[in-house]
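Here the structure is laid out as structure tokens; the discussion comes afterwards.
Derivation of every value follows stated rules applied to the coordinates shown; laboratory data play no part. Worth saying up front: this structure is predicted, and the values here are computed from it rather than measured. Here Cβ is always computed from backbone atoms with ideal geometry, including for glycine, and neighbour counts include all displayed protein chains.
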Amino acid sequence: DDDIQREAVHAAIEAVADRLVAEKAYLTDLDSAIGDADHGANMSRGFTKVADKVEELDGDVGEIVKTVGVTLVSEVGGASGPLYGGSIMHASQELGDGLTSETSVAFAEAYLDKVQDRGNAEVGAKTMVDALTPAVHSYKKAIEVDDLPPLTALAKAVDAAERGVQFTVPLRARKGRASYLDWRSVGHQDPGATSTLFILEELLAVAEE
Ligand code: ADP
Ligand code: MG
Ligand code: MG
């Protein structure tokens, strides 16, 4: 019912915020190699604000998730704020009927579409899209084709995202700040792909509880 879903979303947001705060230095290191060394600060500040904000909210799941997006857009500048925040805002429309395996697939697809639409990055451009795309495809296939439970599907998404993060290492960046480095970006792991993986790992951890 509604209360249980709201509790689950609150728990997920808190877990994500805690993880991103814990990984702040690591994400900053990654971004200092191929960017401007702020991805850790951006993500930890953004999600800490989100966690504070949603604590007071008692709307339905779609409204709570929409607030997550709105808050990220207003708190996090740069490339990642509008990409994460705007896409979460957009995808939250898919949660009108609450959180089910169907609406979760619709949310994931809408989120990916919006990230690609806004950032205009293909797979292989060395961005968050490289972790997100295989994760969303694996999740959708696991649910719609293989008829697996959402938890198993989410575990597959995490595995796919993990491979996506590794896949970014040898790539030459074609989008975002890292692209200014051109060939010098080769050999470094993309920060945004990494934060995407951390978020998915936390969603899985909360779903497993
Ligand atoms: P900024 O680069 O503005 O400092 P962040 O450091 O917070 O913003 O985020 C950097 C991350 O944003 C990159 O590691 C990459 O994953 C992601 N990113 C940058 N540009 C794009 C884009 N056009 N499409 C998708 N993701 C992008
Ligand atoms: Mg940066
Ligand atoms: Mg920046």
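A few remarks follow.
- Dividing the convex hull volume of the alpha-carbon atoms in segment 93-146 by its residue count gives 67 Å³ per residue.
- For Lys53, neighbours were defined as the other residues whose beta-carbon sits under 15 Å from its Cβ, and their charges (Lys and Arg +1, Asp and Glu -1) total -3.
- Anisotropy class of segment 85-195 from Cα gyration tensor, a/c 1.5 cut: oblate
- Between 0 and 90°, nearest 10: helix 150-168 axis offset from the chain longest Cα axis: 10
- Converting phi to 3J(HN,Hα) with the Karplus coefficients 6.51, -1.76 and 1.60 and the offset θ = phi - 60°, segment 93-107 yields 4, 6, 9, x, 8, x, 9, 10, 5, 5, 5, 5, 5, 4, 4 Hz in sequence order, with x at every glycine or proline.
- Degrees, to the nearest 10: 191-208 long Cα axis against longest axis of the chain: 30
- Restricting the calculation to alpha carbons of the chain gives Rg and Dmax of 16.0, 52 angstrom.
- Other residues with beta-carbon under 15 Å from the beta-carbon of Glu144 carry, at +1 per Lys or Arg and -1 per Asp or Glu, a net charge of -2.
- Most positive-pole-ward Cα, Ala160, His39, Ala22, against dipole of the chain from beta carbon charges: His39
- Rounded to the nearest 20, the size of the Cβ-charge dipole of the chain about its Cα centre is 1300 debye, with Lys and Arg at +1 and Asp and Glu at -1.
- Highest mean first, the peptides 42-48, 68-74 sorted by other C-beta atoms within 10 Å per residue fall in the order 42-48, 68-74.
- Computed on the chain, with alpha-carbon pairs under 8 angstrom and 6+ residues apart, the relative contact order is 21 percent.
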